[in-house]
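Structure, as structure tokens:
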Amino acid sequence: MRVGIAAAIIALAALATPSTAARAQSDALVKAARAEGQVTWYITHYPADVAEETGRAFTRKFPGITVNVFRTTAQVAYQRLLQDLRENVAQCDVFSSTDIGHYVNLKKQNRLAKFHPENADKLIAEFRDYDPDGFYYPTNAGLVILAYNTRKVSAADAPTTWRDLIDPKWRGRVAVGHPGFSAYVGTWVVMMSQLYGWDYFEKLDKNDPLIGRSINDTVTVLNSGERWIAASAAQTVLENVGRGNPLAIVYPTDGALLMVAPSAVMANAPHPNAARLLLEFLLDVEHSRIVVDNGGISLRPEVPLKPPAKSFREVKIIRPTEAQIVDGIPKVIEKWRDTFGG
């Protein structure tokens with residue numbers, strides 16, 4: 001099947017102009033993907049409802065191709081993927097994680113398929129050529145920010161810096177996720193430990209934080225009023241604000257943490273053409289509209305923000321290097337467990 005499709009594309013390209021050649025390649029990919037009929041997506045950077053909405057939008061655009069959504073936290077999805085690979089089970093077609101270390105390791109092990117989507121060249125400039133070798137591409141980016149319940153905390157009293165989370169006045173009022181489950185949290189812990197040392201987390205422990213798994217769990221306890229302030233994901237908070245929940249965000253003056261969430265086609269994908277088509281869709285305008293409608297920031301210049309979301313260019317941004325993330329997350333997971341338990 002793949003050999004026949006490739007030969008047809010080459011033959012058509014030899015007779016066509018660049019634009020018609022690209023269209024022929026796209027048409028051939030859609031036809032081959034429809035023949036496969038489905039695609040399995042391991043996705044970590046959205047809440048379940050947004051992931052499912054994205055899957056439905058893909059099927060509306062490409063009828064006859066079902067998206068099997070497996071949504072969980074980054075470290076759980078990665079362990080599931082590694083188990084598949086150890087047992088030689090080809091299940092995941094497209095892997096979308098918030099931990100760049102996952103892609104670094106999978107790439108070294110030749111587990112990713114090299115593929116250059118047409119839409120990769122249409123992203124905003126900062127996110128092009130993310131992996132120069134062409135194995136994974138940014139399909140979502142977001143910010144870790146401070147969030148609070150507006151019924152419990154006034155704007156005047158809301159925290160403004162990351163150090164406010166360790167202020168004793170917030171004892172019993174703070175919510176955070178767990179770096180052993182969430183790469184958003186893992187990257188945040190790496191960044192905070194670089195800025196303020198591990199002493200920051202020892203002081204946080206004294207504030208008796210409520211520790212969930214996903215960073216999105218913090219939004220749930222803010223909505224309920226069980227906790228008043230949190231380190232949260234801006235997109236999830238703003239999605240909830242849009243639903244009328246009593247939440248607000250603060251972009252910390254010491255820097256909002258930039259999170260980049262790539263996606264990749266697996267080398268052993270059981271539905272390789274549908275996988276490539278899904279990756280194209282995740283880089284397309286339609287997907288960016290879904291992201292913006294759910295409080296996120298588009299990676300496509302054609303799709304404007306919806307207030308009160310702010311772009312990466314409007315706030316102070318902090319982010320560890322790729323090497324610091326890859327090396328740091330496993331280390332901070334162990335230190336976290338030593339400090340907080342669990």
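Every number in this text was worked out from the coordinates using simple rules, so none of it is lab data. The model shown is predicted, which means the values in this text are computed figures rather than measured ones. Please note: Cβ atoms are built from the backbone with ideal geometry, for glycine as well, and neighbour counts cover all protein chains shown.
With the highest mean first, a sort of the peptides 245-256, 213-224 on other beta-carbon atoms found within 10 angstrom per residue produces 213-224, 245-256.
Under 5 Å from the amide H of Leu210 lie the amide H atoms of Val174, Ala175, Val176, each residue being 5 or more positions distant or on a separate chain, with H modelled from the backbone and absent for Pro and chain starts. Between Asp199 and Ala156, the simple spin-label model (points 7 angstrom out along Cα→Cβ) gives 3.3 nm. Under 5 Å between amide hydrogens, built in the peptide plane, is the criterion, and for Leu247 it picks out Thr150 among residues at least 5 positions away or on other chains. The phi torsions of the stretch 221-237, fed into the Karplus equation with coefficients 6.51, -1.76 and 1.60 and a -60° offset, translate into couplings of 6, 5, 4, 6, x, 5, 10, 9, 9, 7, 8, 9, 8, 4, 4, 5, 4 Hz, rounded to whole numbers, with Gly and Pro shown as x.
The modelled label-to-label distance between Ala125 and Arg337, using points 7 Å beyond Cα along the C-beta direction, is 4.5 nm.
Sorting the segments 186-194, 274-282 by their mean number of nearby beta carbons within 10 angstrom, highest to lowest, gives 274-282, 186-194.
Of Lys107/Lys331; Lys152/Lys306; Lys206/Lys335, which sit over 19 Å apart, Cα to Cα? Too far apart for the 19 Å limit: Lys107/Lys331; Lys152/Lys306. From the alpha carbon centroid of the stretch 198-227 to that of the stretch 79-94 is 32 Å.
For the chain, adding -39500 (n - 2.57) for each run of n ≥ 4 DSSP H residues and dividing by the number of residues yields -13500 deg cm²/dmol at 222 nm.
Put simply, the amide H of Thr66, placed in the peptide plane, has neighbours under 5 Å in Gln38, Val39, leaving out anything fewer than 5 places away on its chain. For Ala48 and Lys316, the difference between the fully extended length at 0.36 nm per residue and the C-alpha to C-alpha distance is 93.6 nm.
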